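Report on one structure; see the data block that follows.
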Amino acid sequence: SGRLEGKVALISGGASGLGEAQAVLYAREGAKVLIGDLQEALGAAVVAKITDACGEAAFTRLDVTDLGSWQAAVALTVATFGKLTTLVNNAGIFHPGGIQAETPQGWDRMVAVNQTGVFYGMKAGAPELAKAGKGAAIVNISSLYGLIGSPDAISYHASKAAVRVMGKGAALEFVKQGVRVNTIFPGQIRTPILGDITPEQDAAIKASIPMGEVGDPMDIAHASLFLASDEARYITGAELWVDGGWYA
Ligand code: NAD
């Protein structure tokens, strides 16, 4: 039987990239998966991919910047699959811009999605996760950029650093309820989030990574699977970077 047998997971941003990979792998390992995303057509395609492989999944439109939307997604998860054991705060956006270039609007949007979105997710999910108790887990997707600085992406780095510290606080707040909270820090992974990059940029990225290659979404999914599974029952408040040696 699968490593997530008996789990019911809500995955934000599950219609694309790392969220899709986690949804597919979680379902393959026996979890029932509710995908929450703004992208309805892509989300439906991921559900079809999972159900075609005999997994169980459903989609709901979720805007992580809206607490009511989160509460509706949690309620739908429980109505559809009976409970919520696992919350993956994966949805996120990226745009570049240093302190001089970033606009107040750009800053606010970044914080709303990447930082407030994770706060709302944990706030909305906590009661049902606590009800599930032992075996429940939250996996938050930060970024290696949440651990380091850069001259040209101030709002992204700040929002991802906030995810790091919120995860530590949540681990301590929820430990008595049996809910574990851990954080993954992806390095450079091949997904749509970076937009179009030139072959020169691609070469520069690869050259900066000790393993010499960008990661695959499944590299993040496998780390997430472990942290969501009972194999990680004694791990909470932990930080796992998955980056080909970049941060070493
Ligand atoms: P992606 O763009 O492929 O997927 C992000 C998903 O989040 C999309 O489906 C998008 O529709 C969804 N989303 C965006 N705003 C939303 C909102 N308000 N409500 C609900 N859903 C929303 O990108 P990805 O690379 O798969 O990113 C997933 C997570 O991983 C993000 O948090 C990102 O910051 C993080 N990350 C990615 C990398 C990388 O190299 N790909 C590196 C570090 C961290």
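Return the residues of the range 50-70 that are out of contact with any strand residue (DSSP E or B) (no Cβ under 9 Å at 6 or more places or on another chain) and part of a helix (DSSP H, G or I); say none if nothing qualifies.
Passing the criteria: D52, L67, G68.
Just checking, which of A91, A73 is assigned to a helix (DSSP H, G or I) and either on the phi > 0 side of the Ramachandran plot or hydrophobic (A, V, I, L, M, F, W, C) (or both)?
Going through A91, A73 in turn, just one is assigned to a helix (DSSP H, G or I) and either on the phi > 0 side of the Ramachandran plot or hydrophobic (A, V, I, L, M, F, W, C) (or both): A73.
Quick check on the range 207-226: of everything there that is more than 25 Å from Q39 (Cβ to Cβ) and more than 13 Å from the ligand (Cβ to nearest atom), which residue is surrounded by the fewest Cβ atoms within 10 Å (Cβ to Cβ)?
A207
All but one of (1) hydroxyl-bearing (S, T, Y); (2) more than 9 Å from the ligand (Cβ to nearest atom); (3) buried (at least 18 other Cβ atoms within 10 Å of the Cβ) hold for S12; which doesn't?
S12 satisfies all of (1) hydroxyl-bearing (S, T, Y); (2) more than 9 Å from the ligand (Cβ to nearest atom); (3) buried (at least 18 other Cβ atoms within 10 Å of the Cβ) except (2).
Considering each residue of the range 101-141, count those that are in contact with a helix residue (DSSP H, G or I) (Cβ under 7 Å, 6 or more places away or on another chain), assigned to a loop (DSSP other than H, G, I, E, B) and either at pLDDT below 95 or under 13 Å from S155 (Cβ atoms) (or both), and give that number.
Number of matching residues: 1.
Any residue at all in the range 194-215 that is touching a Gly at 6+ places or on another chain (Cβ under 8 Å) and in contact (Cβ under 8 Å) with a residue 60 or more places away in the chain? Reasoning before the result, please.
Our first condition is that a residue be touching a Gly at 6+ places or on another chain (Cβ under 8 Å); within the range 194-215, this holds for 206, 209-215.
Then drop every residue that is not in contact (Cβ under 8 Å) with a residue 60 or more places away in the chain, which leaves none.
No: the range 194-215 contains no residue that is touching a Gly at 6+ places or on another chain (Cβ under 8 Å) and in contact (Cβ under 8 Å) with a residue 60 or more places away in the chain.
Please specify each residue of the range 122-149 satisfying the condition of being closer than 18 Å to Q188 by Cβ and touching a residue at least 12 places away in the same chain (Cβ under 8 Å).
The answer is I141, S142, S143, L144, Y145, G146, L147, I148.
Just a yes or no: is a residue in the range 151-159 modelled with pLDDT of 95 or more, exposed (fewer than 15 other Cβ atoms within 10 Å of the Cβ) and farther than 22 Å from A15 by Cβ?
The first filter runs over the range 151-159 and keeps only residues modelled with pLDDT of 95 or more, leaving 151-159.
Then keep just the ones that are exposed (fewer than 15 other Cβ atoms within 10 Å of the Cβ); that gives 151-152.
Filter once more, so that each one left must be farther than 22 Å from A15 by Cβ: 151-152.
Among the residues of the range 151-159, at least one is modelled with pLDDT of 95 or more, exposed (fewer than 15 other Cβ atoms within 10 Å of the Cβ) and farther than 22 Å from A15 by Cβ, which makes the answer yes.
Any residue at all in the range 179-192 that is part of a strand (DSSP E or B), among the hydroxyl-bearing types (S, T, Y) and buried (at least 16 other Cβ atoms within 10 Å of the Cβ)?
Yes, that holds for at least one residue.
Across the range 26-49, which residue is farthest from the ligand (Cβ to nearest atom) among those that are part of a helix (DSSP H, G or I) and crowded, with 24+ Cβ neighbours inside 10 Å?
A27
Could you grab me the full set of residues in the range 58-72 that are within 15 Å of the ligand (Cβ to nearest atom) and of a type outside the set (D, E)?
Let us first name the residues in the range 58-72 that are within 15 Å of the ligand (Cβ to nearest atom), namely 59-72.
Passing the criteria: F59, T60, R61, L62, V64, T65, L67, G68, S69, W70, Q71, A72.
In the range 221-248, how many residues are in a helix (DSSP H, G or I) and farther than 20 Å from M166 by Cα?
Initial filter on the range 221-248 (in a helix (DSSP H, G or I)): 221-228, 230-232.
Going one step further and asking which of them are farther than 20 Å from M166 by Cα, we end up with 221-222, 225-226, 230-231.
Counting residues in the range 221-248 that are in a helix (DSSP H, G or I) and farther than 20 Å from M166 by Cα gives 6.
The values are calculated or read from the model by the stated rules, or taken from the named source; none is laboratory data. Keep in mind it's a predicted model, so treat the numbers as computed, not measured. All Cβ positions, glycine included, derive from the backbone under ideal geometry; neighbour counts span all protein chains shown.
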